[in-house]
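Only one structure is covered here, and it is reproduced in the block below.
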Amino acid sequence: MHSRTAESLGGRFSKVLLWVYVVAMQVFFLAPVVAITVGSLTTTQYVVFPPKGLTLQWYSRMLDRPEIIYSFLLSLGIALGAATASVLLGLLVSLAIVRYSLRLNTILWLLVASPMMLPTVVLGFGFLQTYTHLGLGTSILGLLAGHLVIVTPYAFVLIATGLRSVDRSLEDAARSLGASPMRTLGLVTLPIMFWSMLAGWALAFLVSFGDAAVSVFLNTPQVVTLPVRIFDALKYSPLNPQLTAVSSVLVLVTLVVLVASASFIRLERIMDRMR
Amino acid sequence: MTEGPRARRLSTWLALAILPLIIYGVLYALPIYDLVRSSFNTFDPLKGTSSAFQTGFYRDFLTDPFYLGVLWRTVRISVTVTMICALGGFPMAYFLARSESGMRSFLLIVLLIPLVTSPVVVAYGWLVLLGTQGIVNDLLIAAGIIDMPVKLVFREFTLVLGLVYVSAAFMVLATAASLKNLDWNLVLAARSLGATGSRAFWLIVVPASLPGLTNGCLIVFSLSMSAYAVPALIAGPQVKVMSELIYQQGMALLNWPFAACMSVILVAATTGVLAVSDLFARLRQLRVAKRSRSGDRNA
């Protein structure tokens, strides 16, 4: 198939055009992220891209701001907790839905997949209302609960596709050789679908780590996640280079998780299954 | 696997599903129920919320030109964003589906960056790029298009740009997934039978992309209707959308029933537009099917 790429639809001119377009799109997709990370190196007192001069002072000054360090650790902790719990929940739901054809699965599916389709602001506001009544409203626990609800659908969708792609005959072979259902799950099924659990974890982590729309409702004056801190600060002093440094820390963590998980799993597999 | 008796299957299913059911029941279904229920409550700025069953907030919203204007703007912007993504994303999807594996991995990572980066950071990035001192103004001046820096942020088209940025990749991925399934031999056959490139494109490639394109439109439209951080940061106070109204009512004015009412309206409007467009698509399909049947008879 690849060698036939040359036999595409248009002539030489349209092929050049397509390439120009693709490069332009790459620039478009990278532009704001590059502006933030590279812009944070400026020596000027205001944000400018391209930066004037190069310095890391905005990063070192960040260490003197304990509230920013706290927000960073809070976001990291919540994302780690929510992502890990979402993979466990997603695995349970996937096993129930993929391996059992019961009517009840419709309810389970609606319950676990639908948060992905609702506006995050609506969810955030709903969480605030109910969690306040439940006594979870103004605590880290409420924040964690809200994040868990919004990220689990992502983990679930990926894990369910992973589970569907497992060849059942391999499991049958293990069972017929005397392995218990649990042993079969642990030694055959899970290792084969491990990539999807990793992908699900990474996506859940990233969604939680970057979320502002739900957190903005569940934050308290003391408990503020990093994106919300940036969000609030942007309203008052958008051109403070300090803020770009904080933002690019967020970008760096995102990129590390993205590239690390992409090198473990073949990304194309996700595209193949996105049907 | 051996088919156990029905009761045993049910109990294993329950063992798997009980924890998710409880967690989602309490942490998700309950808030949604509360949300819908509280939209019928009454609110008094001094006394706060009291339980009731009245539809006053819905009436207020649906008769006030300001609120209707915001809803209309939200729908209009979302439709614009969806169309731009569909048209602008198509060549990218085509390229992705046809490119070689190594190239594709790189493209996919770049494509995923807007999806996984915090929308707050993305909005900030565009503010820096589009500001009066930003590189876009510099380039426009250098190209001689403008003489002085122009105000690019806090406008409706800035919002459209930001929303296209955060959701374009969904459209590209969905469309590319459909195009990857296309048997390229069909195109080669059409070409060898004398079809021009553009004819083969319109008759084979475009129809093959439609399932993914439709999915993409659905995702992009819903995302644009509900985006919060991007509009709040780059649209400015003049260009308000529904999600900002909800936040304002709920958090600044503490009018929870009205915020709940607007949440219900936002979800209903999103679903409504999608349902109507689905209906149109079905009708068109029906007409096309009818036409092709009558075409068969003529032949």
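The values are calculated or read from the model by the stated rules, or taken from the named source; none is laboratory data. This structure is a prediction, so every number in the text was calculated from the model and none was measured. Note that each Cβ is placed from the backbone with ideal geometry, even for glycine, and that neighbours are counted across all protein chains shown. Side chains are part of the model used for accessible areas, which takes the heavy atoms of the whole protein and leaves out ligands, DNA and RNA. Shrake-Rupley method; radii C 1.70, N 1.55, O 1.52, S 1.80 Å.
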Check your understanding: Which of the residues belonging to the range A:94-108 are open to solvent by less than 10 Å² (accessible area, probe 1.4 Å) and not small (Gly, Ala, Ser)?
Key -> A:Leu108
Exercise for review: For the range B:11-25, state whether one or more residues are of a type outside the set (Val, Ile, Thr), within 12 Å of chain A (Cβ to nearest Cβ) and in contact (Cβ under 8 Å) with a residue 12 or more places away in the chain.
Suggested key: no
Point to revise | Neighbours by Cβ (under 8 Å, 6+ apart or cross-chain): first from the range A:183-206, under 15 Å from A:Asp172 (Cα atoms); second open to solvent by 10 Å² or more (accessible area, probe 1.4 Å) and charged (D, E, K, R) | key: A:Thr184/A:Arg175; A:Ile192/A:Asp167
Point to revise | Count of residues meeting criterion [surrounded by 21 or more Cβ atoms within 10 Å (Cβ to Cβ) and either on the phi > 0 side of the Ramachandran plot or in contact with a strand residue (DSSP E or B) (Cβ under 8 Å, 6 or more places away or on another chain) (or both)] in the range A:148-182 | key: 0
Review point. Does B:Ile77 satisfy being open to solvent by 30 Å² or more (accessible area, probe 1.4 Å) and among the aliphatic types (A, V, I, L, M)?
Key: no
**Study point:** Subset of the range B:166-196 (residues that are aromatic (Phe, Trp, Tyr) and at the interface with chain A (Cβ under 7 Å from one of its Cβ atoms))
**Key:** B:Trp184
Review point. Does A:Gly142 satisfy the condition of being touching a Leu at 6+ places or on another chain (Cβ under 6 Å), open to solvent by less than 10 Å² (accessible area, probe 1.4 Å) and at the interface with another protein chain (Cβ under 10 Å from one of its Cβ atoms)?
Key: yes
Check your understanding: Being within 14 Å of another protein chain (Cβ to nearest Cβ), in a helix (DSSP H, G or I) and either in contact with a Phe, Trp or Tyr (Cβ under 9 Å, 6 or more places away or on another chain) or open to solvent by 30 Å² or more (accessible area, probe 1.4 Å) (or both), is that true of even one residue in the range B:59-70?
Key -> no
Check your understanding: So which of B:Phe43, B:Phe53 is farther than 30 Å from A:Leu88 by Cα, open to solvent by 40 Å² or more (accessible area, probe 1.4 Å), in contact (Cβ under 8 Å) with a residue 40 or more places away in the chain and not in a helix (DSSP H, G or I)?
Key -> B:Phe43
Revision key, fill the gap. The number of residues in the range A:26-40 that are among the hydrophobic types (A, V, I, L, M, F, W, C) and open to solvent by 30 Å² or more (accessible area, probe 1.4 Å) is 5
**Study point:** Every residue from the range B:82-129 that is within 12 Å of B:Ala168 (Cα to Cα), more than 7 Å from chain A (Cβ to nearest Cβ) and in contact with a helix residue (DSSP H, G or I) (Cβ under 9 Å, 6 or more places away or on another chain)
**Key:** B:Thr82, B:Met83, B:Ile84, B:Cys85, B:Ala86, B:Gly88, B:Gly89, B:Phe90, B:Ala93, B:Leu115
Exercise for review: Report yes if B:Val172 is open to solvent by 20 Å² or more (accessible area, probe 1.4 Å) and in a helix (DSSP H, G or I), otherwise no.
Suggested key: no
Check your understanding: When you go through (1) closer than 16 Å to A:Ser75 by Cβ; (2) more than 8 Å from every other protein chain (Cβ to nearest Cβ) one by one for A:Gly210, which number turns out not to apply?
Key -> (2)
Review point. Is there a residue in the range B:80-87 that is free of Cβ contacts under 8 Å to residues at least 12 places away in the same chain and more than 30 Å from A:Val259 (Cα to Cα)?
Key: yes
Check your understanding: Restricting attention to the range B:93-105, does a residue exist that is out of contact with any His (no Cβ under 9 Å at 6 or more places or on another chain), over 29 Å from B:Ser198 (Cβ atoms) and surrounded by fewer than 21 Cβ atoms within 10 Å (Cβ to Cβ)?
Key -> yes
Exercise for review: Could you identify the single residue in A:Leu91, A:Leu111 that is facing chain B (nearest Cβ under 8 Å) and either open to solvent by 10 Å² or more (accessible area, probe 1.4 Å) or within 19 Å of A:Val253 (Cβ to Cβ) (or both)?
Suggested key: A:Leu111
Check your understanding: Do we have A:Leu234 as under 26 Å from A:Phe127 (Cα atoms), over 19 Å from the mean Cα position of the chain (by Cα) and either open to solvent by less than 20 Å² (accessible area, probe 1.4 Å) or not small (Gly, Ala, Ser) (or both) here?
Key -> yes
Check your understanding: Does A:Leu102 satisfy being hydrophobic (A, V, I, L, M, F, W, C) and not in a helix (DSSP H, G or I)?
Key -> yes
Study note, to complete from the structure: Selection from the range A:51-84 of residues under 24 Å from A:Thr220 (Cβ atoms), touching a Leu at 6+ places or on another chain (Cβ under 8 Å) and in a loop (DSSP other than H, G, I, E, B) yields none
Practice item. Might you check whether a residue that is touching a residue at least 24 places away in the same chain (Cβ under 8 Å) and facing another protein chain (nearest Cβ under 10 Å) occurs anywhere in the range B:198-208? Key: yes
Check your understanding: Which members of the range A:41-69 meet the condition of being open to solvent by less than 60 Å² (accessible area, probe 1.4 Å) and within 15 Å of B:Gln133 (Cα to Cα)?
Key -> A:Thr42, A:Thr44, A:Val47, A:Val48, A:Phe49, A:Pro51
